[in-house]
Amino acid sequence: MTFLIQQTLIYAVPLMIVALAGVFAERSGIINLALEGIMIFGAFAGVLFVNLTQKAGTFAEAKAAGDWVALQGFMLLAMLVAAVLGALFSLLLSFASVNLKADQTIGGTALNLLAPALVLFFIRIIANQNTLQMAEGDSASWFMIKKSFFGYGRSEDMGFFGSTFIDKTYLATYICILLFVVLSILLYKTRFGLRLRSCGENPQAADSLGINVYKMRYAGTTISGALAGMGGFVYAMTTANCASTGDVAGFGFLALAVMIFGNWKPLNIAGSALLFGLFKCIAASYSSIDINGDGVFLLAQLGISPHFYRMLPYLITLIVLAFTSKKSRAPKAEGIPYDKGQR
């Protein structure tokens, strides 16, 4: 059970934070189909920062000294770098959608095609191969929370809660959860959030009240890019051993499905992300999930093809969207370019 919960959180948290990124863009009136591409770019930026910092020796010094706080500080800086680069990359979508009034679906698709090609180009220049990795070690040994930091010698000493939610978990997971809560409050309980949402529902009415629709849409898409870039690095750090390959396994598109299934509402999105994260966990770890705690891996003994488990998250996505898409209510003005001269 501990393993299942930890792995589900590892897959669910990037989905949750990237789905919230989509909410910020679409609540402002911009369809952000470029979440996949922004995740790829953010993952590359974060991994490159870690790689360069390790080569500079600062990582090694902190690890040699056993300075866990310093290591987590480097991880936070890498998340920040990924967020900044993701926000900058999303400005391409903002400019095309707001200033050029281009089709937002085509703009997002173009960025999804551009990101992996651009990232692989940079990786080939930097590493002379198709994968950019940490300079040394692995993300588990660098960034995981260790029980020894809290003075425990064994996982059993920490109890079920400690061994499940503290030992061998990533601090980035809880930072993303905290950000999710704070930004959800920002979106629904503040004046800024009300103005942002009004631009996605009725931009003409918002403009008549003195709200700059263009600026609000830029703000929504920039926040969306920052969250998606951060989510890309968190995905790379927790599931890809802090490696960038120009791919995030379709997590950006899964996040879009989570957003639609959650009806653009943060609480629903959190539940949807946990559901999708569970199925993603089963797909990745079906051969090592011990349901009864007796060492018998029942899922692996059912005689079902491994390919079915790998298909499971995407099958669930199709089934869920087929039954819930009619009930979903998207912002009324999303995808519609706003022209100040038209009423």
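The values are calculated or read from the model by the stated rules, or taken from the named source; none is laboratory data. In this text the structure is predicted, and so the values were computed from the model without any measurement. Quick reminder, even Gly has a Cβ in these numbers, built from the backbone with ideal geometry, and neighbours come from all protein chains shown.
Looking at the stretch 158-238, the helices (runs of 4 or more DSSP H) lying wholly inside it that each contain 3 or more residues that are touching a Ser or Thr at 6+ places or on another chain (Cβ under 9 Å) and touching a residue at least 60 places away in the same chain (Cβ under 8 Å) sit at 159-165, 191-201. Residue-level check: of (1) surrounded by 13 or more Cβ atoms within 10 Å (Cβ to Cβ); (2) modelled with pLDDT of 90 or more; (3) not in a helix (DSSP H, G or I), Pro116 misses just (3). A count restricted to the stretch 204-239 and to residues that are at pLDDT 95 or above and among the acidic types (Asp, Glu) stands at 0. The condition of being buried (at least 24 other Cβ atoms within 10 Å of the Cβ) and not acidic (Asp, Glu) holds for only one of Gly210, Gly250, Gly246, Gly225, that being Gly225. Checking Gly73, Gly29, Gly46 one by one, the residue that is assigned to a helix (DSSP H, G or I) and surrounded by 24 or more Cβ atoms within 10 Å (Cβ to Cβ) is Gly46 and no other.
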